[in-house]
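K.L.:
Got a structure for you, questions after.
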Amino acid sequence: MTQIIDGKIISTQIKDELKSKASELKAQNIEVTLAVIQVGNDPASTVYVGNKKKACEYIGINSLSYELEESTTEEELIALINELNNNEKVNGILVQLPVPKHINEDAIIKAISPLKDVDGFHPQSVGALSIGQKGYVSCTPAGIIQLLKRSNIEIEGKECVIIGRSNIVGKPMSLLMLRENATVTIAHSKTKNLKEITKRADILIVAIGKPKMITREYVKEGAVVIDVGIHRLESGLCGDVDYDDVAPICSAITPVPGGVGPMTIAMLMNNCIESALQ
Ligand code: NAD
């Protein structure tokens, strides 16, 4: 029987653990505060920011909200980030991406102090991850490690294939799986013979951004399949994996929705709690 990896249940467990940590911290007079900055009013970003604030409220983390005009300049945004970097009451800073086109995203990511970089996107956080040092880890890949561990799926010594090499999912995912002692292959848009490569995987992690691209021809019988993709089709939400086709042949799989999705915010909350312990 295929094990359905339930991200809703696992993320709720994590949030409940964090809630008790936050109240332990409160008892020691340590408040955790996350500053959330949104530039412009992209509707998807507004939903994401709203969900992050709700999660903060659930756990007992203070959230400070900065809703800036679309016309905000890069200099103005960096000035606000600097102010928050220097504010001792603020533990974590998050700028909701994407920012409007006239603002350089890399400059914004770099402006956030690595000590407050709860998204784990700062080059120093990425560098620390790549050499196995302490630092914030990007939330979606960190959530996938939790999904695997809390579902008792062994990682050490396993063949892991990751499809996708983005800075927020594919690359940090590969470093985390390496840290867990998997044998890691990264495939991407220029990979030749993709099916041959993905069929080697004991654990296949899919972050391509193409609805239902991965069918059973790409999957070894008995593999664990983690689907990072999220797509809103007329028929509803789906992932990068053709779930109905693949689920019957694998040993475990994440559904969409309710798999990887809920883990991202849970791990952001985890990073916020960590930020108060620096
Ligand atoms: P991206 O577009 O930055 O990267 C996609 C990657 O897929 C690229 O590295 C590219 O080389 C590779 N790729 C594209 N076409 C390919 C092909 N035909 N064969 C092999 N590789 C191919 O995307 P991303 O930001 O990494 O996101 C991937 C998906 O995950 C998207 O659907 C996104 O919405 C979703 N996502 C979900 C969460 C979450 O919380 N669940 C978080 C981030 C991203």
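K.L.:
When you check Val256 against the structure, is it part of a loop (DSSP other than H, G, I, E, B), touching a strand residue (DSSP E or B) at 6+ places or on another chain (Cβ under 6 Å), β-branched (Val, Ile, Thr) and within 15 Å of the ligand (Cβ to nearest atom), yes or no?
P.N.:
Considered against the rule, which asks whether it is part of a loop (DSSP other than H, G, I, E, B), touching a strand residue (DSSP E or B) at 6+ places or on another chain (Cβ under 6 Å), β-branched (Val, Ile, Thr) and within 15 Å of the ligand (Cβ to nearest atom), Val256 comes out as yes.
K.L.:
Kindly state which helices (runs of 4 or more DSSP H) lie completely within the stretch 93-158 and contain at least 1 residues that are in contact (Cβ under 8 Å) with a residue 60 or more places away in the chain.
P.N.:
Here the list reads 139-150.
K.L.:
In the list Ser275, Ser166, Ser189, which residue meets the criterion of being more than 10 Å from the ligand (Cβ to nearest atom) and among the hydroxyl-bearing types (Ser, Thr, Tyr)?
P.N.:
None of the others qualify; the one that does is Ser275.
K.L.:
Could I ask something else about it? Hey, Lys171 hits all of (1) crowded, with 18+ Cβ neighbours inside 10 Å; (2) of a type in the set (Lys, Arg); (3) more than 15 Å from the ligand (Cβ to nearest atom) but one; which does it fall short on?
P.N.:
All conditions pass for Lys171, except number (3).
K.L.:
Counting only residues that are among the small types (Gly, Ala, Ser) and surrounded by fewer than 19 Cβ atoms within 10 Å (Cβ to Cβ), which one in the stretch 248-258 is nearest to the chain's Cα centre (by Cα)?
P.N.:
The residue in question is Gly258.
K.L.:
Let me ask you something else. Pairs needed: first member in the stretch 175-191, of a type in the set (Ser, Thr, Tyr) and in a loop (DSSP other than H, G, I, E, B); second member anywhere, at pLDDT 95 or above and within 14 Å of the ligand (Cβ to nearest atom); C-beta distance under 7 Å; at least 6 residues apart or different chains.
P.N.:
Thr191/Ile197
K.L.:
Yes or no: Thr185 touching a helix residue (DSSP H, G or I) at 6+ places or on another chain (Cβ under 9 Å) and surrounded by fewer than 21 Cβ atoms within 10 Å (Cβ to Cβ)?
P.N.:
For Thr185, the condition - touching a helix residue (DSSP H, G or I) at 6+ places or on another chain (Cβ under 9 Å) and surrounded by fewer than 21 Cβ atoms within 10 Å (Cβ to Cβ) - is met.
K.L.:
Still on this model: Can you name the residue in the stretch 55-91 that is in a helix (DSSP H, G or I) and without any contact (Cβ under 8 Å) to a residue 12 or more places away in the chain and, of all such residues, is farthest from Asn29 (Cα to Cα)?
P.N.:
Glu75
The values are calculated or read from the model by the stated rules, or taken from the named source; none is laboratory data. Because the structure is a prediction, the values reported are computed rather than measured. Positions of Cβ are backbone-derived with ideal geometry, glycine not excepted, and every protein chain shown enters the neighbour counts.
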